[in-house]
1. Six or more apart or on different chains, Cβ under 7 Å: which pairs go from a residue in region A:130-147 that's assigned by TED's automatic domain parsing to the domain that holds A:VAL60 and farther than 20 Å from A:GLY103 by Cβ to one that's surrounded by fewer than 23 Cβ atoms within 10 Å (Cβ to Cβ) and modelled with pLDDT under 95? Could you list them?
2. Have a look at B:GLN509, B:GLN517 and point out the one that is part of a helix (DSSP H, G or I) and closer than 30 Å to A:GLY99 by Cβ.
3. With assigned by TED's automatic domain parsing to the domain that holds B:ASP80, under 25 Å from the mean Cα position of the chain (by Cα), farther than 24 Å from B:ALA49 by Cβ and among the basic types (Lys, Arg) as the only criterion, which of B:ARG231, B:ARG264, B:ARG214 stands out?
4. Which of (1) closer than 22 Å to B:ARG231 by Cα; (2) outside the structural domain of B:ARG561 (by TED's automatic domain parsing) is the odd one out, the single condition B:GLN476 does not satisfy?
5. Among the strands (runs of 3 or more DSSP E) lying completely within region B:19-133, list those that include at least 2 residues that are polar (S, T, N, Q) and over 25 Å from A:ALA50 (Cα atoms).
6. Looking only at region B:590-625, which residues are buried (at least 18 other Cβ atoms within 10 Å of the Cβ) and among the basic types (Lys, Arg)?
7. Quick one: A:GLY126 ticks every box in (1) out of contact with any Cys (no Cβ under 8 Å at 6 or more places or on another chain); (2) in a loop (DSSP other than H, G, I, E, B); (3) within 7 Å of chain B (Cβ to nearest Cβ) except a single one, so which number is it?
8. Working carefully through the options B:ALA182, B:ALA199, find the one that is surrounded by fewer than 19 Cβ atoms within 10 Å (Cβ to Cβ) and not assigned by TED's automatic domain parsing to the domain that holds B:ARG372.
Amino acid sequence: MKDIRQIRLRVNGTEHELAVETRRTLADMLRHDLGYTGTHLGCEHGICGACTVLVDSAPVRSCLVFGVQADGCDVRTVEGLADGEELSDLQQAFSDHHGLQCGFCTPGFLMLAEAYLAERQAAGAGEPTEAEIRELAASNLCRCTGYQGIVDAVLATARARLRSGEGRGAGRGARGSRDAAGGP
Amino acid sequence: MSRDARLNTRAGRWVGASVPRKEDRRMLLGRGRFVSDLTRAGMLHAAFARSPFPAAEVTGIDTSAALAMPGVTAAFTAADLGHPYLIAMLERDEFTPTRMPLLAGDQVRFAGEPVAMVLAADPYAAQDAAELVDVDWRPLDAITGIEAAQDSAARQVHDGLDGNRLVDLTMFDDPALPGIFAAAPVVIDAVFRSARVAALPLEGRACMAEWDDRDQQLVLHISTQVPHQVRSGVAQALGIPEHGVRVIAPDVGGGFGLKCVVGREEIAVADAARRLRRPVSWIEDRQENLTASFHGHEQRYRVRAGFDRDGRILGLAAEIDCDVGAYSAFPFTSAVEPLMACTELPGIYKIPAYRARGRAIATNKAPTAPYRGVSRPQLVLVMERLMEKAAAELGIGALDVRRRNMISPGEFPYTGVNGISYDEGSYRESLDLAERQVKETFRNVTPAAESGGLMTGVGYACFSERTAYGTPTMSQRRMAMTPGYDTALVRMDPSGEVIVTTGTCGHGQGHETTFAQIVADRLGVHPGQVRLRQGDTDLASYGWGTWGSRSIVIGGGAADRAAAVVARQLRQVAAHLLEASADDVELAGGSARVRGDAGSALPISELARIVHFQTHRVPEELRYGLEARASFDPPGTFSNACHAAMVTVDPGTGEIRLRRYLVVEDCGVVINPMIVDGQVSGGVAQGVGAALLERVRYGEDGQPASTTLMDYLAPTAAELCPVQITHLETASQFSETGAKGMGEGGMIGAPAAVLNAINDALRPAGISFDHVPVLPAEVCAALAGDAVAAGEPGGPGGMGGASAASAVSGEHRRGAA
């Protein structure tokens, strides 16, 4: 007997209302019920971080959260980072610094870094050190890059956002832009 | 435009420039298309019932409870499918093939082996139902180690398998060796081991199969490095013609060799789709990936080496045992590790006399695949440890011992005792440069670390990496399916844009970008105008996929050749329209022009338009398209590198930390420096993982103990440090572009460099290790003088202890509390 609940949530600025089985993970709900397939599953036990999404601005392993737990929440996925077809500063930095190869872990790193940078900005923190970014990046696993490009990309974005005062990516990120093409 | 302006193009060429990757945009936007993103109306989800025993007879399977579950559509056993199997063949007397059934029949040979497949409307229901498959098991003794497997009393993993040896061959056997060893001033006997490891792509295996009624074709979307070999495997296992199967690899989330073999589950899923006429999806979970896919690198080398008083090696003999698990993987076979090891052990060193015996040992563990590096991380570790040992014995600098033995400038091409011809490399130069860089850049970390009570050490690894093996080389392995060539089709469409098809199958290496750079240079267009189509057996000519550092040399070489033909066609058309000689026409910047006559430029897009839409305007021999097909099948070419690592060892906790890492590498002409650096860094990360963290453990009872990412430790950013990379460029004469393959070098050099660094750090304590990974507990045990406890000898996960060259004395234990 399936236990099904009706929930409402906002994903990348779009309201969704759906019936979901209580045991269904947030990751599966986002990917298969709502079509946000940019969120990837690498281990399904909370270690690799490929499935990281933001729930009410906090990074969350969506494989360890049930979909019903996101009832009433504001969720951001990788599809919500870009401004339409224009890559965000963080996304562009990942490309500039060769922070991705196969691309499977990339959405998780992007969301992890996006939350980190927004949190620092909100706290008025200064420029992070490379060691701090390494510590952050150690939350997730990448098997292709050796992480240097990821660390460099996050560091470069942090510096650029500090330089520009109100970072354009961060400002937009806080609002949560609507997904342009990858939505339901 | 601004991005292009930043590119450091050499002489107006795209090759050599860090062109941004075409692949990035879709990945960054979350719009990549991986197998698990594919959905179809009415799609079923597969789950497998798997053996909980490492070895057991199956006396009965009952799927009725599973079938009774709501949402379950079907369940299949081996008998239901007619006992289909995969068989990988080597045409050698020393090789015994194994049949790997898609679903195990009357016997299971490792914990995790699939015995039944359940199909349901959603994956949660499918997994629930798979747990209800009722199997009657009669457990058997598990064979879990190289020694135990070869015991004459050991049970045979496969019937009739003497000593559980799937492969047992002596490849070289110089009769002079006993005399050489008897007379050698220094003889070193040593045993080296490397743990079983997992390739661990972040995307596990995945497939979605569907029956296409219109084309009467079974279409298999699969995360693979080798679409054509998957097609051949499906056709052979299911007894259907190859044209009845289409294999499509969409975006592939990493492979590292795990996906260059053909898995049983994917073919079983394809068979289910064919039988049910329904789309069927299977997405491997991480536990399945760690226990039931493929592993690699579990090897033991028992080596004897003789040296003269100057440190020159006189003779080398090796007994090489590879624990290959329960089955030979299709199509490479279980011989891939021992054959590579025996053939290439001498590496960059001049060995006058050589003997190598290699074995593939069957055990009740998951089968093995050609994981990144294939035996070379191990054989480089062996040779680099031997150089260090000889140096210590003789009181000569270890780098000088290497220099005295390595193939030197002026000696290329060098044909070794192993029959291999080494094309020109920069073995000596890379070592000299690395040594200089170490002196300049490593020194500054030492005082700070040592003041904190840590022991520091620097280690080197010098090696070459044979890449891009074509059939001239692969045929020596005598595989029934002998890989090596690849074929490209280059077509220019009426708008002047270019489509390239290839049988290679990139999965993170940036081939959409690098192939475009090569073709763009030939045709005088922008790389943005060149689109690569790969990973589709209906689009590309039969090809051999992406593995063995082959794609840019072989696939890229074929594309280069085909593009050269199209370029000639373009020059001829332009010459006709400009009333000039084709030899005087050059293609550059999107135009064809007569050399030295800037006013003569014709846009290439205009030539393409005329050839397609105004065909009557060109002579008959130039009509009907701008396209060419070409193949490439080189013997292979050696890239080379010198790695240097600095580590610190905490004598209190045994913690080993990587502090500095540098690579001086030579992969010939660099197509895209950014991408080459990424391959090097990523490979080094995997090699560091193998040296310090990674091991797939099995209990003595054969039960897998590394079933989650809590148990199997892959390196994170916190365990790594930046990799400083310098490129030397010795162009290959066996490559169309001068490039050499380089996908595996990072992984090949790193274990040896890190192990040598650890041993350098522990030198004051008189301790050294000859295995990887070296774990903190082993360091602590060795420092406490407990060499036996250090390596858990006897246990299947144990790698052998430390050797204490001298007693561990108090004053040597620098910084110990």
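The values are calculated or read from the model by the stated rules, or taken from the named source; none is laboratory data. Being a predicted model, the structure only gives us computed values, none of them experimental. Don't worry about glycine lacking a Cβ; one is built from the backbone with ideal geometry, like all the others, and counts go over all protein chains shown.
1. Listed by first residue and then by second, the contacts come to nothing, as the list is empty.
2. Values: B:GLN509 fails: part of a helix (DSSP H, G or I).
Sole residue among the options that is part of a helix (DSSP H, G or I) and closer than 30 Å to A:GLY99 by Cβ: B:GLN517.
3. Values: B:ARG264 fails: farther than 24 Å from B:ALA49 by Cβ; B:ARG214 fails: under 25 Å from the mean Cα position of the chain (by Cα).
The unique qualifying residue is B:ARG231.
4. (1)
5. Details: elements: B:44-50, B:56-62, B:72-77, B:85-87, B:99-101, B:114-120.
Counting at least 2 such residues, we get B:72-77.
6. B:ARG593
7. (3)
8. On the way: B:ALA199 fails: surrounded by fewer than 19 Cβ atoms within 10 Å (Cβ to Cβ).
Testing whether each residue is surrounded by fewer than 19 Cβ atoms within 10 Å (Cβ to Cβ) and not assigned by TED's automatic domain parsing to the domain that holds B:ARG372 leaves just B:ALA182.
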